[in-house]
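The values are calculated or read from the model by the stated rules, or taken from the named source; none is laboratory data. Please read these numbers as outputs of a predicted model, since none were measured by experiment. Here Cβ is always computed from backbone atoms with ideal geometry, including for glycine, and neighbour counts include all displayed protein chains. Note: areas computed on protein heavy atoms with side chains; ligands, DNA, RNA excluded. Shrake-Rupley method; radii C 1.70, N 1.55, O 1.52, S 1.80 Å.
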There are 2 protein chains.
Amino acid sequence: MTPRLDAQMAFLTEACRLKSVNRATRLCDGSRYENSGEHSWHIALYALVLAEHAPQGVAIDRVIRMLLIHDLVEIDAGDAPIFGSHDATALQQDESAAADRIFGLLPADQAESLRALWEEFEANQTVDARFAKSLDRFQPPNQNLAAGGGSWTEYDVSYDRLVSRVGSKIAHGAPTLWDWINPRIRAFFGV
Amino acid sequence: MTPRLDAQMAFLTEACRLKSVNRATRLCDGSRYENSGEHSWHIALYALVLAEHAPQGVAIDRVIRMLLIHDLVEIDAGDAPIFGSHDATALQQDESAAADRIFGLLPADQAESLRALWEEFEANQTVDARFAKSLDRFQPPNQNLAAGGGSWTEYDVSYDRLVSRVGSKIAHGAPTLWDWINPRIRAFFGV
Ligand SMILES: [Ca+2]
């Protein structure tokens, strides 16, 4: 009998479905929409490479772990595009129910610790969560710049709206990265 | 001037192309081929969840880092399906040239340390590399079982060939995981 490993494998097989959740962002070459599985890989790699730009006190391996699991709830709740309109309360309820079901596939101790890590990410209060959230916001503009507009064009986004929805979060958790990308975004929007 | 960050961002934008490298393995629902970006995410999640099954001495955060970068060379060299036929020497040369170019986009110190981590993975000698390599071999059979055959059917793979190409590596680096999946694979092949 291997009930622990059985439960862990059921969770890992369920996680495969995140590769079928499409995001609003396109790949850097614009060829198709990005899915949340490959997105999670990419921003974990961002964390690894950009660790030196994290504010003091950030534990980068915790950030990487957080980013690996941050989108799993989308298997049930779907991706809510940052420039789309959605009911925030309903989304939070859907994501909470998704977390119950998906993390609940794991042995109880792991379900609890990974769910706590996801809630820490969502709450965006600790230095680790703030840096993780910044990277989650920082990657899409880079892909949009590479793709010549991407979801900005599709959602008819203005520079001001971008700053308020995305830029402010990047600036909060990773000011160096915002200082780097802001002039590039300005140049794209011609402002 | 931000030459370090410029170089890091050039690397991270180039890395996006790994999402366009298709593997021989299908998703768990069989709907399409998996790409190497989402595969890298999935096995990093395997490492996080299955850490307790790693042999003694394995540093799981190092394994996760290794898995995040292990396939980047495929951007230039492509994925070599485990049951396909390829010239091993030519592949090694292609991958080495790919590592020069891709890790070479980074600042020199990071290029060196991430390339060393990739070479450690490839050499498969340290406990961390052996566990990482085991997970890289362990995930596809799970997806094939979920998909009802997947690449085993497409490549007309036998149980014995699977054991020699895949099972032996899993058993070497993660015996607990091989003991778990082996009876399931046997049941699938009816042996
Ligand atoms: Ca590979």
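Tell me, what % of the accessible area of segment B:46-191 is carbon and sulfur with a 1.4 angstrom probe? After summing per-atom areas, the C and S share lands at 49 percent. Here residue A:56 and residue B:20 are evaluated by their C-beta separation; at R0 = 30 Å the FRET efficiency comes out at 0.25. Taking θ as phi - 60° and the Karplus parameters 6.51, -1.76 and 1.60, the scalar couplings of segment A:141-150 work out to x, 5, 5, 5, 4, 5, 8, x, x, x Hz in sequence order, x denoting glycine and proline. Relative protection proxy for B:146-159, B:178-191, from highest mean packing down: B:146-159, B:178-191 (other beta-carbon atoms within 10 angstrom). By the scheme Lys and Arg +1, Asp and Glu -1, what is the net charge of all other residues having a beta-carbon under 14 Å from that of residue A:172? Around residue A:172, the surrounding residues sum to +2. The long axis of helix A:175-189 is offset from the longest Cα principal axis of chain A by roughly 50 degrees. Listed by chain and number, the lysines placed with their C-alpha closer than 23 angstrom to that of residue B:169 are B:133; residues fewer than eight positions away on the same chain are left out. For the protein assembly as shown, the solvent-accessible area with a 1.4 angstrom probe is 40 square angstrom per residue.
Helix B:88-103 and the longest principal axis of the Cα set of chain B meet at an angle near 40°.
Other residues whose C-beta falls under 15 angstrom from the C-beta of residue B:144 contribute a net charge of +3, scoring Lys and Arg +1 and Asp and Glu -1.
Inter-chain neighbour count for A:44-56: the average number of beta-carbon atoms from partner chains within 10 Å of each residue's beta-carbon is 5. The alpha-carbon of residue A:19 sits under 19 angstrom from the alpha-carbons of these lysines, leaving out residues fewer than 8 places away in its chain: B:19.
Let me have the 222 nm mean residue ellipticity of chain B computed from DSSP H runs of 4+ only, each contributing -39500 (n - 2.57), with the sum over all residues rounded to the nearest 500. One gets -19500 deg cm²/dmol as the mean residue ellipticity at 222 nm. Inter-chain Cβ neighbour count for A:11-21, averaged per residue, equals 6 (cutoff 10 Å, partner chain atoms only).
Averaged over residues, the count of other Cβ atoms within 10 Å places the peptides A:113-121, A:53-61, A:9-17 in the sequence A:9-17, A:113-121, A:53-61, highest first. For the pair residue B:108 and residue B:123, the difference between a 0.36 nm per residue extended length and the Cα-Cα distance amounts to 3.2 nm.
Using the alpha-carbon atoms, what tilt in degrees (0 to 90, nearest 10) does helix B:3-15 show relative to the longest principal axis of chain B? Roughly 30 degrees, rounded to the nearest 10. Summing Lys and Arg as +1 and Asp and Glu as -1 over all other residues whose Cβ lies under 13 Å from the Cβ of residue A:185 gives a net charge of +3.
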